[in-house]
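The values are calculated or read from the model by the stated rules, or taken from the named source; none is laboratory data. Values in this document were obtained by computation on a predicted structure and should not be read as measured data. A quick note on method: Cβ atoms are made from the backbone with ideal geometry, for glycine too, and the neighbour counts reach across all protein chains shown. With ligands, DNA and RNA removed, areas are computed over all heavy atoms of the protein, side chains included. Shrake-Rupley method; radii C 1.70, N 1.55, O 1.52, S 1.80 Å.
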Amino acid sequence: MVDWAEGDPLEVAPRLLGAVLTHGGVSVRLTEVEAYAGPLDPGSHAYRGRTPRNAVMFGPPGRLYVYFVYGMHHCANLVTGSDGDPGAVLLRAGEVVAGIDRARSRRPGSSDRDLARGPARLCRALGIDLGDNGVRPELVPGEQVVQISRGPRVGLRHAADLPWRFWATGDPTVSPYRPAAPRRAGR
């Protein structure tokens, strides 16, 4: 799995589509990801350098970088690049392919399509939280995705126009695109 993660996040991201990530008794086939190019990318958590929060992004590759957003959601990235060269691929969405009852118990009231449709939902379905920051996930090749679409990343204010989001074309588990909400004056 580490070989998958070594290299530029823009090359690693589309290779991850179709791979199966297993954690917490649930397996998800990845259908959507976003690349983040470290210090070269204003959208990346590593853009302004190493901090205690983002230290995992600085290597080695093949580990999860897990963070907490909006005071309520966990999101997970697969660290890419090489040791000391931060890069990551946000795991945005997928289809639950094993452990569906456990995923349903973690996301009550969700349709099966929506169990892992979005980065916070994916983490919730898999049971990923801050305690998993830095771990090597169980990630194995799946069926190769033949048609891959590409477009802007979701919800970013900086470098929002870069087409670094990749998804399995037509897959119903892909999350909807939403640009960043404009900031109100005074913020």
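Things worth noting here:
- Tabulated pairs, the stretch 99-122, first β-branched (Val, Ile, Thr), second in a loop (DSSP other than H, G, I, E, B), C-beta under 9 angstrom, 6+ apart or interchain: 100/112; 100/115
- Residue selected from the stretch 23-47 under the condition touching a helix residue (DSSP H, G or I) at 6+ places or on another chain (Cβ under 8 Å) and not in a strand (DSSP E or B), by the criterion surrounded by the fewest Cβ atoms within 10 Å (Cβ to Cβ): 25
- Condition check for residue 125: farther than 23 Å from residue 47 by Cα and touching a residue at least 60 places away in the same chain (Cβ under 8 Å): yes
- Filtered residue count, the stretch 172-187, keeping only those that are open to solvent by 40 Å² or more (accessible area, probe 1.4 Å) and either of a type outside the set (Gly, Ala, Ser) or modelled with pLDDT of 85 or more (or both): 9
- Residues of the stretch 73-98 classified as open to solvent by 30 Å² or more (accessible area, probe 1.4 Å) and more than 18 Å from residue 175 (Cα to Cα), total: 5
- Here residue 57 clears all of (1) aliphatic (A, V, I, L, M); (2) buried (at least 18 other Cβ atoms within 10 Å of the Cβ); (3) under 27 Å from residue 6 (Cβ atoms); (4) touching a residue at least 60 places away in the same chain (Cβ under 8 Å) except the condition numbered (4).
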